[in-house]
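The structure under discussion appears below in the form of structure tokens.
Please treat every number below as a calculation from the coordinates, not as lab data. The structure displayed is predicted, hence computed values, not measured ones. Cβ atoms come from the backbone with ideal geometry, glycine included; neighbour counts cover every protein chain shown.
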Amino acid sequence: MSCLGSGMNIVLVEPEIPPNTGNIGRLCSVTQTKLHLIEPLGFDLDDSRLKRAGMDYWQHVEWKIWESWTAFAGSLPENSKLWFIETGGPVCYSDAQFSRGDYLVFGRESSGLPGELYRDAGERWLYIPMFREDARSLNISNCVALVLYEAIRQLGFDGEM
């Protein structure tokens, strides 16, 4: 069976921690998901921790660096659907109805997404359930994996090897 890939897009807005981005790159590689990195990045692309976490998968990742959110957003096709994953959203990620080609948007490890990006997103502002009030968040690479695999599951694992 030939692999069609997930048909999804992961967007990291100003990622800060190289191993997290490396892990997400590896995830994008094995799911054939496009990765979009929005500058500024909190690391250099030749960082050894980024490469170590991504292992030898980076050569198989379709990725692009964007100089700003404005540049990224301005490049999107008119009917693009963006999902903003951020604490406080009105919809649990598992209740969203994903489509091939959607963009899953995640923010900085230290501060999340800028509020102006998701405040008016309505039902496209998603949250991941937490079971401890004193815990701030899950690791971003875990969050990306949870949401991406839910989207791929909904799409019927099309392209699975």
Over the chain, the sum of -39500 (n - 2.57) across DSSP H runs of at least four, divided by residue number and rounded to 500 deg cm²/dmol, gives at 222 nm -8500 deg cm²/dmol
Along the dipole axis of the chain (charges at Cβ: +1 for Lys and Arg, -1 for Asp and Glu; origin at the Cα centre), the most positive-end residue among Tyr93, Leu82, Trp58 is Trp58
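When a footprinting reagent is the concern and you count Cβ atoms within 10 Å, what order do Thr31, Thr87 take, fewest first?
Numbers: Thr31 21, Thr87 13.
Starting with the residue having the fewest Cβ neighbours, the order is Thr87, Thr31.
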Along principal axes, largest first, the alpha-carbon spread of the stretch 68-115 in whole Å comes out as 27, 27, 14
In whole percent, the Cα-Cα distances of the chain spread across 10 Å bins from 0 upward as 11, 42, 37, 10, 0
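About its Cα centre, how strong a charge dipole does the stretch 9-154 have in debye, to the nearest 20, once Lys and Arg get +1 and Asp and Glu get -1 at the Cβ?
400 debye
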